[in-house]
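The values are calculated or read from the model by the stated rules, or taken from the named source; none is laboratory data. No experiment lies behind these values; they were computed from the predicted model shown. Heads up, the Cβs are rebuilt from the backbone with ideal geometry, glycines too, and the neighbour counts pull from every protein chain shown. Side chains included, ligands, DNA and RNA excluded: accessible areas come from the protein's heavy atoms. Shrake-Rupley method; radii C 1.70, N 1.55, O 1.52, S 1.80 Å.
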Amino acid sequence: MNEFNDVGLRHGEWEEYHPDGSLHWKGSFYNGELHGPFKSYFENGDLNWMGNFNMGLPSGCYIEYFFNHRKTKTTTRNQTQSIKHKFGANILL
């Protein structure tokens with residue numbers, strides 16, 4: 001968990017935590033690119049959003065939730081709809 005490959009890029013399963021110690025997000029990286037399912041959480045532990053990535057680019061369904069567990073929207077993302085996140089990987093917000 002939270003490891004780097006031989007050239008210093010994130011690789012494998014990663015997690016980051018909020019300042020209070022609760023899980024902020026978890027996802028997989030392949031040679032520095034998000035690859036596979038990704039989930040982001042509110043500080044209270046509720047799911048904020050989830051989506052899938054293929055070599056750093058959005059792939060398939062993206063679901064976003066309100067703070068009270070109610071789903072706000074479900075969209076299908078293609079490989080051109082992404083932005084930079086604070087840790088440098090392309091993710092959706």
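Summary table
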quantity: Distance (nanometres) between label positions extended 7 Å along Cα→Cβ at GLU16 and MET1; calculated: 1.7 nm
quantity: Loop-located GluC sites (Glu not before Pro) in the stretch 1-47 whose Cβ has at most 13 other Cβ within 10 Å (DSSP); calculated: none
quantity: Centroid-to-centroid separation of the stretch 20-52 and the stretch 1-18 [C-alpha atoms, Å]; calculated: 13 Å
quantity: Probe 1.4 Å, protein heavy atoms only - accessible area per residue of the stretch 1-66 in square angstrom; calculated: 54 Å²
quantity: Accessible carbon and sulfur surface of the stretch 9-73 relative to its total accessible area, %, 1.4 Å; calculated: 52 percent
quantity: Under 14 Å, Cβ to Cβ, from SER28 - net charge with Lys/Arg +1 and Asp/Glu -1; calculated: -2
